[in-house]
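I have placed the structure first, in the form of structure tokens, so that the comments after it can refer back to it.
Just so it is clear, none of the values below were taken in a lab; they were calculated from the coordinates. Keep in mind the model is a prediction, meaning the values are calculated, not measured. Backbone-built Cβ (ideal geometry, glycine too); neighbour counts: all protein chains shown.
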Amino acid sequence: MEKINEIMDLLINKGLVINEHLELKKLKSGTTEGILYTILCKKLPTFVIKIDHPMEISATEEFLLAYRKVKLLPDVHYTDHKKEFIVYSYIPGETHYHRGSKLEWMKILTQELFQSL
């Protein structure tokens with residue numbers, strides 16, 4: 001818990017989040033060993049903090065920056081210089097939330113990924 005407090009202090013000091021009505025919620029991990037938190041601002045999930053191995057953080061950052069024009073992917077807001085954590089925008093819901101059928105959003109994702117190359 002100490003690491004997440006340091007991260008929150010850093011984000012507040014950098015002005016990336018305002019220390020007002022902030023909450024932190026630990027999420028279930030995805031496909032990596034990393035630890036995920038959601039920053040809630042005024043009860044609304046706003047950012048995700050992913051703490052992981054530097055190689056995982058670097059790969060996540062590279063992927064999200066390479067495909068930043070793909071509207072189905074989150075925006076990167078901050079990456080630690082040691083690559084210990086990354087902060088990106090929170091996307092609500094499940095993968096199909098307000099995106100139509102899985103077939104349709106997978107088609108959009110594939111097209112936008114290839115157009116970004």
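Under a point spin-label approximation (7 Å from Cα along Cα-to-Cβ), what is the Ser89-Glu20 distance to one decimal in nm?
2.2
Once phi is turned into θ = phi - 60°, what whole-Hz ³J(HN,Hα) does the Karplus curve with 6.51, -1.76 and 1.60 give for every residue of segment 52-67, x standing for Gly and Pro?
Couplings: 7, 5, x, 5, 5, 5, 4, 5, 4, 4, 4, 4, 5, 6, 5, 10 Hz.
Using the number of other C-beta atoms within 10 angstrom as an exposure proxy, rank Met8, Met106 with the fewest first.
Met106, Met8
Suppose the Debye formula is applied to equal point scatterers at every Cα of segment 2-115; what is log10 I(q)/I(0) at q = 0.12 Å⁻¹?
With no solvent term, the Cα-only Debye profile gives -0.46.
Whole-Hz Karplus ³J(HN,Hα) for segment 76-84, in order, using 6.51 cos²θ - 1.76 cosθ + 1.60 and θ = phi - 60°, x for Gly and Pro?
In residue order, the calculated couplings are 7, 10, 6, 10, 4, 5, 8, 6, 8 Hz.
How large is the dipole of segment 2-115 about the Cα centre if only Lys and Arg carry +1 and Asp and Glu carry -1, each at its Cβ, rounded to the nearest 20 debye?
So the dipole magnitude of segment 2-115 works out to roughly 440 debye.
So which of Lys50/Lys107; Lys14/Lys42; Lys25/Lys82; Lys3/Lys83 end up more than 21 Å apart, counting from Cα to Cα?
Pairs exceeding 21 Å: Lys50/Lys107; Lys25/Lys82.
Near the amide H of Glu84, under 5 Å away, which other amide H atoms are found, from residues 5 or more places off or on another chain, if H is placed in the peptide plane?
Residues meeting the criterion, in which the H sits 1.01 Å from N, do not exist here.
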